Amino acid sequence: MSQETPEVQLSALRVKYCERKDAFLEENIKVKNPLCLFRDWLALALKTPEIIEPNAAALATVSPTGKPSNRFVLVKEATAEGFTFFTNYGSRKADDIKGNPNVAISFYWLPLRRSVRIEGIAEKISPEDSLKYFHQRPRASQIGAAASPQSQRIPSRNYLDEVEAGIKQQLGADGEVPLPNWGGYLVRPDLIEFWQGQTDRLHDRIQFRRGDGVESEIDGNLVHKGEDGWVYERLAP
């Protein structure tokens with residue numbers, strides 16, 4: 001007789017976050033630029049052994065008809081310009097971005113009790129930069145990208161294996177893998193929110209924004225002047 005799976009009481013789950021003495025305060029932000037702060041937080045995540053993939057992030061897109069979609073990607077670069085990830089240009093996310101370039105990215109680093117939310121505009125990087133990164137990947141990953149018509153219907157797992165085997169046979173052991181319909185997107189952010197969990201659930205949320213007219217909102221009370229065109233504010237949890 002099969003045993004029933006015990007019911008999980010989700011409402012009773014509690015995770016201990018940070019204590020009040022470790023609150024995330026504005027005065028602790030050395031450079032009031034969110035891209036600099038992100039790199040500081042990422043550096044700590046990279047040094048935290050429990051975080052296996054610190055560059056894993058949830059990417060949200062919206063179709064031209066307004067239907068949202070979400071999936072995890074690996075962010076491969078975080079610079080002063082923004083955040084770069086790579087994908088098949090025939091995938092669902094690419095189709096969404098073509099019709100609506102507004103996207104959102106969320107990182108969650110549980111051991112640190114920290115999260116970062118990013119909103120911005122996605123644009124393709126240059127074909128040259130995509131090709132350069134493509135050939136930096138392990139050869140098996142290059143062949144996998146060439147073999148997979150991402151997000152398209154396929155008959156079976158065996159179909160992928162057969163396509164992969166055909167590419168390997170065609171290229172031989174050392175043949176260069178040609179760049180498929182694949183490349184990078186740069187997300188230029190206009191909003192970045194930093195979240196740190198507090199055990200009493202009075203979580204810390206500091207949000208940075210930039211764009212037309214945001215600096216006119218600066219009042220030194222609710223909205224503060226940051227650097228490089230950014231303003232910042234604290235949000236209630």
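Over region 111-157, consider all pairs of different Cα atoms and compute the Kirkwood hydrodynamic radius from their mean reciprocal separation; express it in Å, one decimal.
After inverting the mean inverse Cα-Cα distance, the result is 14.4 Å.
Kindly rank 167-175, 50-58, 34-42, 6-14 from highest to lowest mean number of other beta carbons found within 10 Å of each residue.
For the peptides 167-175, 50-58, 34-42, 6-14, the packing ranking is 34-42, 50-58, 167-175, 6-14.
Using only C-alpha positions, report the orientation-averaged shadow area of the convex hull of region 126-237, nm², one decimal.
12.5 nm²
Quick one: how many lysine pairs in region 1-90 have C-alpha atoms under 29 angstrom apart, if they're 8 or more apart or on different chains?
12
Based on the alpha carbon coordinates of region 37-174, what radius of gyration and maximum Cα-Cα distance (Dmax) apply, in Å?
In order Rg, Dmax, the Cα atoms of region 37-174 give 17.0, 48 Å.
Rounded to the nearest 500 deg cm²/dmol, what is the calculated helix-only ellipticity per residue at 222 nm for the chain, with -39500 (n - 2.57) per DSSP H run of length n ≥ 4?
-6500 deg cm²/dmol
Expressed as a whole percent, how much of the Cα-Cα distance distribution for the chain exceeds 26 Å?
51 percent
Could you tell me what a quarter of the Cα convex hull surface of region 145-210 works out to, in nm² with one decimal place? Working shown, then result.
On the way: hull surface 37.0 nm².
Value for region 145-210: 9.3 nm².
With every protein chain kept in place and ligands, DNA and RNA left out, what is the accessible area per residue of the chain? Probe 1.4 Å, answer in Å².
On a per-residue basis, the chain sits at 60 Å².
What number results when the radius of gyration of region 1-85, computed over Cα atoms, is divided by 2.2 N^0.38 Å? Mind dumping the intermediate values first?
On the way: Rg = 18.9 Å, N = 85, 2.2 N^0.38 = 11.9 Å.
Region 1-85 yields a ratio of 1.59.
Cα centroid distance between region 25-69 and region 187-237, in Å?
So the separation of the two Cα centres works out to 14 Å.
Placing +1 at every Lys and Arg Cβ and -1 at every Asp and Glu Cβ, with all other atoms neutral, what dipole size does the chain have around its Cα centre, in debye to the nearest 20?
380 debye
The values are calculated or read from the model by the stated rules, or taken from the named source; none is laboratory data. None of the values given here were measured: they were computed from a predicted structure. Glycine gets a Cβ as well: all are built from the backbone with ideal geometry, and neighbour counts include every protein chain shown. Only protein heavy atoms, including side chains, enter the accessible area calculation; ligands, DNA and RNA are left aside. Shrake-Rupley method; radii C 1.70, N 1.55, O 1.52, S 1.80 Å.
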